Amino acid sequence: MGELMPLLRERKLFFVDSRTTAATVAEIAAHSAGVPATSRNVFLDDERSVAAIQKQFVRAVRDAREKGSALAIGHPHPETLQILSEMLPEIERQGITLVFASDLVR
């Protein structure tokens, strides 16, 4: 992180911590280096089943409503893409606005 963050700062980039380990220091390191950063709230497809991905998506929507925003990340697996194509139109009808990850960094 000590070598990465100065490079991101020089290039005026931001960092999203995927929080793949509980011991992550990436977001703290980014902020210490003056790099805008945030971390994900929900990992959509850690378990690659339609039911599990749908459950995580619902969790992300709940977090967005309760906290004002949520950052969900995932992979372009067929199951993930299926859930996104099914559920995104519905949450937009409910008034949830999708934004770029860069809009959530601080």
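Helix 78-93 and the longest principal axis of the C-alpha atoms of the chain enclose an angle of approximately 80°.
Remark: spin-label model distance A22-D103 equals 3.3 nm, labels positioned 7 Å along the Cα→Cβ axis.
Residues whose amide H comes within less than 5 Å of that of R19, counting only those at least five positions distant or on another chain, are R40 (H built at 1.01 Å from N in the peptide plane). Each helix, a run of at least 4 DSSP H residues, gives -39500 (n - 2.57); summed and divided by the residues of the chain, these come to -14000 deg cm²/dmol at 222 nm.
Of the GluC sites (Glu not before Pro) found in the stretch 1-87, the ones in coil according to DSSP and having at most 16 other Cβ atoms within 10 Å of their Cβ are E3, E47. Return the single residue from V16, V25, V58 with maximal mean-square fluctuation; model: Gaussian network over the chain, springs between Cα atoms under 10 Å. Its mean-square fluctuation being the largest, the pick is V25.
Rounded to whole numbers, the Karplus 3J(HN,Hα) couplings from phi for the stretch 54-68 are 4, 4, 5, 4, 4, 4, 4, 5, 4, 4, 4, 5, 6, 9, x Hz, using 6.51 cos²θ - 1.76 cosθ + 1.60 with θ = phi - 60°, and x at Gly and Pro. The stretch between E3 and E86, if pulled fully straight at 0.36 nm per residue, gains 25.8 nm over its current Cα-Cα span.
For the stretch 42-67 versus the stretch 79-106, the inter-centroid distance based on Cα atoms is 11 Å.
Computed in the context of the full set of protein chains, the accessible area of the chain at 1.4 Å probe radius has 54% of its extent on carbon or sulfur.
Remark: the chain is approximated by an ellipsoid whose semi-axes, taken from the C-alpha gyration tensor as √(5λ), come to 28, 15, 12 Å, largest first. Between the listed residues H75, T20, L8, the Cα displaced farthest toward the positive end of the dipole of the stretch 1-75, a dipole computed from Cβ unit charges relative to the Cα centre, is found at H75. Working note: Cα atoms of the stretch 2-44, range along each principal axis, descending, whole Å: 31, 18, 12.
The values are calculated or read from the model by the stated rules, or taken from the named source; none is laboratory data. This structure is a prediction, so every number in the text was calculated from the model and none was measured. Counting neighbours? That spans all protein chains shown, and the Cβs are built from the backbone with ideal geometry, glycine included. For the accessible areas, the whole protein counts, side chains as well, though only heavy atoms, and no ligand, DNA or RNA atoms are used. Shrake-Rupley method; radii C 1.70, N 1.55, O 1.52, S 1.80 Å.
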